[in-house]
Amino acid sequence: ATGRLLYGDTRVIFQKNDKAQPSQGSVLDHIGFSVPDLDATMKGLQAEGVKIAQQVRDAPGLFKLAFVEDPWGTRIEVVQDSQKLGLHHIHLRGPDPAATLAWFSTQFGGRTGRLKDRIDGIEMSGVWILAQRGEATPSQGHSIDHIGFRPVNVDASVAEFKARNIKITTEPRPLTLASGATMRLAFAEGPDGVRIEMVQRSE
């Protein structure tokens with residue numbers, strides 16, 4: 001649909017916010033994509049006038065990487081990882097990365113492991129959730145506003161969250177899209193103010 005992209009079964013959804021803050025320094029610091037030829041990709045992006053935040057460098061034991069920034073302040077890491085092309089990772093930021101990853105694993109599952117045996121993370125549907133140490137601000141209002149999951153039952157998930165003393169910021173409610181698709185959604189707040197959407201679609 002308009003305003004959204006699909007990578008496997010992961011959606012990247014764009015919403016209008018004229019006052020969005022840059023993602024860097026937020027708990028949802030940046031998003032990563034993997035390409036077959038990083039040098040060629042970066043040359044193409046530079047030719048199109050894309051803001052280059054960090055030129056290509058080789059991270060020994062990992063892959064080549066670079067950073068760009070989109071027109072709305074989203075920090076984007078571009079890597080060359082032949083084992084996983086496309087949407088590659090979501091990188092969180094906070095004072096205790098291990099605790100953050102443990103929290104996400106407990107609440108949403110996924111396969112815990114180490115990306116390239118180097119970086120602790122959680123793999124969910126082929127996309128890694130990674131975390132780095134650093135002070136962070138809550139994600140709401142930044143160019144990466146929130147991260148979403150699709151539980152089987154939103155109401156049951158919210159009840160479980162409340163039992164674990166997890167803050168619910170939006171109670172479960174129905175939503176009908178312009179396409180006619182219906183869903184039920186709620187929002188919660190995770191570690192360091194990461195905004196989390198839970199969506200139960202009707203299909």
Exercise for the section: Would you pull out the residues with amide H under 5 Å of LYS51's amide H, same chain only if 5 or more places away, H placed 1.01 Å from N? Expected result: GLU69
Completion exercise
Taking 195-201, 14-20 and ranking on average Cβ neighbours within 10 Å, highest first, one gets 195-201, 14-20
Completion exercise
Output ordering of 165-178, 31-44 (per-residue mean of other Cβ within 10 Å, highest first) is 31-44, 165-178
Handout entry: Solvent-accessible area, 1.4 Å probe, carbon plus sulfur percent, for the chain
Key = 50 percent
Problem - Degrees between helix 97-108 axis and first principal axis of the chain (Cα, 0 to 90, nearest 10) - result: 50 degrees
Fill in the blank from the handout: Sorted by chain and then number, the residues having a modelled amide H within less than 5 Å of the amide H of VAL194, at least 5 places away or on another chain, are SER139
Problem - Between the stretch 106-155 and the stretch 80-94, the Cα center-to-center distance that results, in Å - result: 11 Å
Handout entry: Helix axis angle, 154-163 relative to the chain longest principal axis, alpha carbon, degrees
Key = 90 degrees
Exercise for the section: Taking only protein heavy atoms into account and a 1.4 Å probe, give the accessible area per residue of the stretch 1-110 in Å². Expected result: 55 Å²
Handout entry: Residue-by-residue Karplus 3J(HN,Hα) for the stretch 39-49, coefficients 6.51, -1.76, 1.60, Hz, glycine and proline x
Key = 4, 5, 4, 5, 4, x, 5, 5, 5, 8, x
Handout entry: Computed label-point distance, nm, for sites ARG111 and ALA98 using a 7 Å Cα→Cβ extension
Key = 2.4 nm
Completion exercise
Simple spin-label estimate for MET183/LEU5, 7 Å along Cα→Cβ, in nm, reads 1.8 nm
Practice task
DSSP loop (so not H, G, I, E, B), at most 15 other Cβ within 10 Å: list which chymotrypsin sites (Phe, Trp or Tyr not before Pro) in the stretch 53-131 pass both filters.
Solution key: TRP72
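Out of all DSSP beta bridges with both ends in the chain, state the antiparallel percent to the nearest 5.
Bridges in the chain that DSSP calls antiparallel: roughly 75 percent.
The values are calculated or read from the model by the stated rules, or taken from the named source; none is laboratory data. All values derive from a computational prediction rather than experimental measurement. Backbone-built Cβ (ideal geometry, glycine too); neighbour counts: all protein chains shown. Only protein heavy atoms, including side chains, enter the accessible area calculation; ligands, DNA and RNA are left aside. Shrake-Rupley method; radii C 1.70, N 1.55, O 1.52, S 1.80 Å.
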